[in-house]
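To start, the structure under review is shown below, and the notes come after it.
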Amino acid sequence: MFAYIVRRVAYALPILIGVNLLTFYLFFVVNSPDDMARLHLGVKRVTPEAIDKWKAERGYDKPLVFNATETGIGRISETIFFEKSLKLFAFNFGHSDDGRDISHDIAQRMVPSLAIAIPSLVVGLLINITFAMLLAFFRGTYVDISGVILCVVLMSISAMFYIIGGQFLLGKLLRLMPISGYDIGLDAIKFLVLPVIIGVVSGIGSSSRLYRSFFLEEAGKDFIRTARAKGLKESRVLFRHLLSNAMIPIVTGVVVVLPLLFMGSLLLESFFAIPGLGSYTIDAINRQDFAIVRAMVFLGSVLYIVGLILVDITYTIVDPRVRLS
Amino acid sequence: MEGTLLSRPEGIRCGWIVHLFSFLTVVLAIFLTACSDEPWNRPYPVRDAHKNIMYSSFQERPNHLDPVQSYSSNEVRFTGQIYEPPLQYHYLKRPYELVPLTASSVPQPVYLGADGERLPDDSAPEDVSYSVYDIRIQPGIYYQPHPAFAQDAEGMLRYHNLRENELDAIYTLGDFEFTGSRELVAADYVYQIKRLAHPHLHSPIFGLMSGYIAGLKEYADILKTVSKQQTATSGRREFLDLREYPLEGATVIDRYTYRIKLRGTYPQLLYWLAMPFFAPVPWEADRFYSQPGLQERNITLDWYPVGTGPYMLTVNNPNRQMVLVRNPNFHGETYPEEGEPGDAEAGLLADAGKNLPFVERVIYSLEKEDIPYWNKFLQGYYDTSGITSDSFDQAISIGSGGEVSLTDAMLAQGIELRTAVSTSIYYTGFNMLDPVVGGYSEQARILRQAISVAIDTEEYISIFLNGRGIPAQNPIPPGIFGFLEGDAGINTYFYDMTDSGPQRKSIDFARQLLAEAGYPEGRDINTGKPLVLNFDTTATGPDDKARLNWLRKQFAKLNIQLVIRGTDYNRFQEKMLKGTAQIFQWGWNADYPDPENFLFLLHGEQGKVEHNGENAANYKNPEYDRLFEQMKNMPNGPERQDIINRMMSIIQHDAPWIWGFHPKQFSLAHGWFLNTKPNLMANNALKYLRIDPEQRAMLQADWNRPVRWPLGVLLGMLLAIILPAWLGYRKRQRQPAYRGSH
């Protein structure tokens, strides 16, 4: 397995370089260093000298990917791409274009993102699995049909509606929890309840339907019939045999998103004023802060690759028939 | 086989379900019967409910809190409370009046000739080589507590030679154990003026000020050279001690007096002296923040200001919250004892003579979206609010005569409305370099006038601004010297004077002008081709569609086809800089209450393409420029008004802009929020505001009683779903495994 992981990590390097290159290209197709300087310096009384100074201080006065004025390796190394990208591979994110330490900001903002993401994931999983098992158990009955219809309805509603509707109903109309905001420590809990409820409810439709299909698929297999035929209790059939086998696709699906929980939720964080990494990324894009954008894209790519590797490893754990080679 | 999915007759034990429901019922019963009066939706700690704290918000974190760089309104709302420039605007008086803040008096310039000889005060500007302002500050003013001033037992500055290991436990400024303070001296003001030229800072007014402050441009070159040498020697940016490098235009006279020397005359300097750009910065702070390790910890002057003002920034976490707390070393100031007529009746003089500031702490919370902000304001969790288009109908009712008032729901909550016409202008500009709409030929001029008549600004204000604006007649907004009230201020090129007031000229008149311009019925008289014009805009979102359609229809009234060229902000800026836009929209917000700050927007020397200035239309009229030069240095009075009127005639005739509108600010305040009077110039108004925390706490509790019964309903619904499901499950367990035919 170790050799497999090393090989996967080695494969990841060219992928990360490609992602970096693509981010760099897309960013600078839309923005030039002059544009970035102008946005950072404001709209009033900005002189060309100030723009040049801003660019020079942040290394944006160099060519993008090829420096014809240099010789040898300098043609590549004395460029914006090289200078801004190389350090990322050592997880040195450097400073944002307005001088802030990006690693420090990421570390600070990771906590609020996780504070929403982990409860949403755990509670959501519990509810979705329970609901899906219920539907599968009553397959073909009014419970199943109504449940599936409910799932389709829940899936059809936009995330924005859940957010605004949730804030209106629970925060404004019933006045049960704060409409938005965030605090540190235990005081954060009251601010997290509403976004977590919304995160869970908005995911019930799609996840429960998917999980229901997993359960139904497993329920039709011979080993379930055998388990029942040999006289096992129904609870044991359900939880020992059916659930553990249906959990394989569920767990692998969850593991792949685990690392991405760090990246936060763009919409929820914005509407609930939660200072997580999702809003950090959105803010950076709006402010044309290339340093943060490339750091977050790089981090997202790394986490996604880590997620995929974890999925492979998880397969070997939950399904003994699978071996990494 | 007719078997069901799960069809064993045995049931599972149900005890745990019963226990679970019992537990949930008990918890819910406790939950529902809890009789605390405190609202559950309160976004602040309960312990603060009765404290003298003001609650506000910010949508975007400020880019700069260093006074040499902060310029935009979301930055100055903080720096204005922390830093104290020598002058400020009187809070209540109108027209806006400069009064001393830390200065002993408003300085008057002394004029010098080319040889340094003193000239009479009424000398013509062209005779004056230098203007000298001696500014004396009041003694006994101290800085806020700050680690940069902390001293050890030997009197040495404790934190000025920090080693890396000393920074191990330092993450914010508050992590430094010791703080200190010292008296404000004139040298701090001089130090800040020198910082305008600092090679590592980007002061937006350096370009402007280097044209006036003697030697500032050369000073920047010196500092640049020194900095380069330092960096080359040590391999890193070192502290640049500006005290070692004298600047001709800013010198210390004595401990409490400093001198600013300007080339020529520039009376507008006094307005700049009321902005944070000219606030004091102690060298200790500059030295402290320049130490290695602090920048890496995001501890910079741009993040943690050091001032003498009524408030100090104790929490700067723009990811969540920024907190201003009363400065314990504040030198003291009292609420103004006089205002303008009507202020006393409005209760604005009730606190006359009382010590400032009134509010102990101000908490700004991050609020990125309008809807949550508005709802929290209605719940009483924010003290003031603006009015967005979405909430306008909920807040404002317009009477049959156009009078504006609050809706019954707002009045029932004791909310008050404050309105003021902004010292701003939003206009549609013609690029004067464009071959069709630009230029100074009679044909182009009449074409611009025809379009200006056709664009119904009144309709725009009514539809898109809910009536919150007044049509502009020229660049100068109300409240600024040069604005003419009543009929005298009406632009007669576009309005007819009638008994019922000014009326926009008819569309037939516009069509007649268009024909005179060589485009009868919107077609080129020579080629017969339809006139197609291009409008460049960054407004490309779905919300902007209605506005753009409206604009297209305005041009269509003249049979002119308007092509909307939507573009992103960067491309738009590029087009403006290159002069390739044809028609565009732009705006300007006053820096200071002087007509020069608006009329310079059409000054030839400010042309965007030629000089990268603020004249986006690239308008250039020699007579206008001459009058501008004459007007800008004059004191307000009939003579200056006369020149302004002549300038107005020129630009109204040439019509480089469709004059657009001056927006009206509508803001709401709860009844417990006192002393609010819109002051569009003062950026330090926070100290005058007062809160009645007891009234607020009482109303918050009253407005936010939780509605608990839905929780019971929810539990009932859950039971209604789960119980039949469980019974169904039990029933299935008891069914035979297989029902045969016999």
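The values are calculated or read from the model by the stated rules, or taken from the named source; none is laboratory data. The structure presented is a predicted model; accordingly, all values stated were derived computationally and were not measured. Cβ atoms come from the backbone with ideal geometry, glycine included; neighbour counts cover every protein chain shown.
Conditions (1) free of Cβ contacts under 8 Å to residues at least 60 places away in the same chain; (2) within 28 Å of B:Gln59 (Cβ to Cβ); (3) within 13 Å of chain A (Cβ to nearest Cβ), marked per residue:
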| residue | (1), (2), (3) |
| --- | --- |
| B:Ala285 | no, no, no |
| B:Gly293 | no, no, yes |
| B:Ile299 | no, yes, yes |
| B:Thr308 | no, no, no |
| B:Tyr311 | no, yes, no |
| B:Thr314 | no, yes, no |
| B:Val325 | yes, yes, no |
| B:Pro341 | yes, no, no |
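Selection of region B:568-607 for residues being in a loop (DSSP other than H, G, I, E, B), crowded, with 17+ Cβ neighbours inside 10 Å and either among the hydroxyl-bearing types (Ser, Thr, Tyr) or within 23 Å of the chain's Cα centre (by Cα) (or both) yields B:Ala590, B:Asp591, B:Tyr592, B:Pro593, B:Asp594, B:Pro595. For region B:69-92, filtering for residues that are modelled with pLDDT under 95 and either more than 14 Å from chain A (Cβ to nearest Cβ) or not in a helix (DSSP H, G or I) (or both) leaves 5.
For region A:155-189, the candidate set comprises residues that are modelled with pLDDT under 90 and touching a Lys or Arg at 6+ places or on another chain (Cβ under 9 Å); within that set, the residue that is surrounded by the fewest Cβ atoms within 10 Å (Cβ to Cβ) is A:Ile184. Applying the criterion of being farther than 30 Å from B:Ala701 by Cβ and in contact with a Gly (Cβ under 6 Å, 6 or more places away or on another chain) to the residues of region A:136-191, the residue that is farthest from the other protein chains (Cβ to nearest Cβ) is A:Met155.
Listed by first and then second residue, the pairs with beta-carbon distance under 6 Å, at least 6 apart or on different chains, first residue in region B:110-133 and without any contact (Cβ under 8 Å) to a residue 24 or more places away in the chain, second part of a loop (DSSP other than H, G, I, E, B) and surrounded by fewer than 16 Cβ atoms within 10 Å (Cβ to Cβ), are B:Leu119/B:Gly113. When B:Pro635 is tested against (1) buried (at least 21 other Cβ atoms within 10 Å of the Cβ); (2) part of a loop (DSSP other than H, G, I, E, B), exactly one condition is not met: (1). Residue count for region B:699-734, restricted to those that are within 11 Å of chain A (Cβ to nearest Cβ), free of Cβ contacts under 8 Å to residues at least 24 places away in the same chain and under 12 Å from A:Arg175 (Cα atoms): 2. Every listed requirement among (1) farther than 23 Å from B:Gly293 by Cβ; (2) exposed (fewer than 15 other Cβ atoms within 10 Å of the Cβ); (3) more than 14 Å from chain A (Cβ to nearest Cβ) is met by B:Ser181 save one, (2).
Taking residues in region B:201-218 that are at the interface with another protein chain (Cβ under 7 Å from one of its Cβ atoms) and outside any helix (DSSP H, G or I), and partners anywhere that are surrounded by fewer than 22 Cβ atoms within 10 Å (Cβ to Cβ) and modelled with pLDDT of 95 or more, the pairs with Cβ atoms closer than 8 Å and at least 6 places apart or on different chains are B:Ile205/B:Trp272. Give the residues of region B:415-434 that are at pLDDT below 95 and in a loop (DSSP other than H, G, I, E, B), sorted by residue number. Listed by number, the residues that qualify are B:Ser422, B:Thr423. Does region B:182-191 include one or more residues that are in contact (Cβ under 8 Å) with a residue 24 or more places away in the chain, part of a loop (DSSP other than H, G, I, E, B) and farther than 27 Å from B:Tyr111 by Cα? Yes: one or more hits. For region A:83-97, the set of residues classified as surrounded by fewer than 17 Cβ atoms within 10 Å (Cβ to Cβ) and on the phi < 0 side of the Ramachandran plot consists of A:Glu83, A:Leu86, A:Lys87, A:Phe89, A:Ala90, A:Asn92, listed by residue number. Within region B:372-405, the set of residues being charged (D, E, K, R), free of Cβ contacts under 8 Å to residues at least 40 places away in the same chain and either part of a loop (DSSP other than H, G, I, E, B) or buried (at least 22 other Cβ atoms within 10 Å of the Cβ) (or both) comprises just one member, B:Glu403.
Those helices (runs of 4 or more DSSP H) of region A:1-118 in which at least 1 residues are under 30 Å from B:Gln606 (Cα atoms), considering only elements entirely within it, cover A:2-30, A:33-41, A:48-58. Is it the case, given these coordinates, that A:Glu57 is over 30 Å from B:Phe206 (Cα atoms), outside the structural domain of A:Ala295 (by TED's automatic domain parsing) and among the charged types (D, E, K, R)? When the stated conditions are applied, A:Glu57 does not pass them.
Of the listed requirements (1) crowded, with 22+ Cβ neighbours inside 10 Å; (2) free of Cβ contacts under 8 Å to residues at least 40 places away in the same chain, B:Glu97 misses just one: (1).
For (1) modelled with pLDDT of 80 or more; (2) more than 30 Å from B:Asp591 (Cα to Cα); (3) in contact with a Pro (Cβ under 6 Å, 6 or more places away or on another chain), each residue gets a yes or a no:
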| site | (1), (2), (3) |
| --- | --- |
| A:Ala3 | yes, yes, no |
| A:Ala12 | yes, yes, no |
| A:Gly18 | yes, yes, no |
| A:Phe24 | yes, yes, no |
| A:Phe27 | yes, yes, no |
| A:Pro33 | yes, no, no |
| A:Ala37 | yes, no, no |
| A:Val43 | no, no, no |
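Quick check on region B:608-626. Is at least one of its residues over 28 Å from B:Ser73 (Cα atoms), of a type in the set (Ser, Thr, Tyr) and part of a helix (DSSP H, G or I)? Yes, some residue in region B:608-626 is over 28 Å from B:Ser73 (Cα atoms), of a type in the set (Ser, Thr, Tyr) and part of a helix (DSSP H, G or I). Of the numbered criteria (1) at pLDDT 95 or above; (2) loosely packed, with under 15 Cβ neighbours inside 10 Å; (3) under 24 Å from B:Gly116 (Cβ atoms), the one B:Arg255 fails is (3). Only residues that are over 30 Å from the mean Cα position of the chain (by Cα) and in a helix (DSSP H, G or I) were counted in region B:538-559, giving 5. Take the conditions (1) at the interface with chain B (Cβ under 9 Å from one of its Cβ atoms); (2) without any contact (Cβ under 8 Å) to a residue 60 or more places away in the chain; A:Ala219 misses just one of them, which is (2). Where helices (runs of 4 or more DSSP H) fall wholly inside region A:173-272, the ranges with 3 or more residues that are more than 18 Å from the chain's Cα centre (by Cα) are A:189-219, A:222-229, A:243-257. Please work out which residue is modelled with the highest pLDDT, limiting yourself to region B:162-181 and to residues that are farther than 24 Å from B:Gly307 by Cα and outside any helix (DSSP H, G or I). Selected residue: B:Arg163. Out of the residues in region A:223-274 that are touching a helix residue (DSSP H, G or I) at 6+ places or on another chain (Cβ under 6 Å) and of a type in the set (Phe, Trp, Tyr), state the one that is nearest to the other protein chains (Cβ to nearest Cβ). Ranking the qualifying residues of region A:223-274, first place goes to A:Phe271. Annotation note: of B:Tyr304, B:Tyr335, the sole residue that is more than 11 Å from every other protein chain (Cβ to nearest Cβ), closer than 20 Å to B:Pro276 by Cα and touching a strand residue (DSSP E or B) at 6+ places or on another chain (Cβ under 8 Å) is B:Tyr304.
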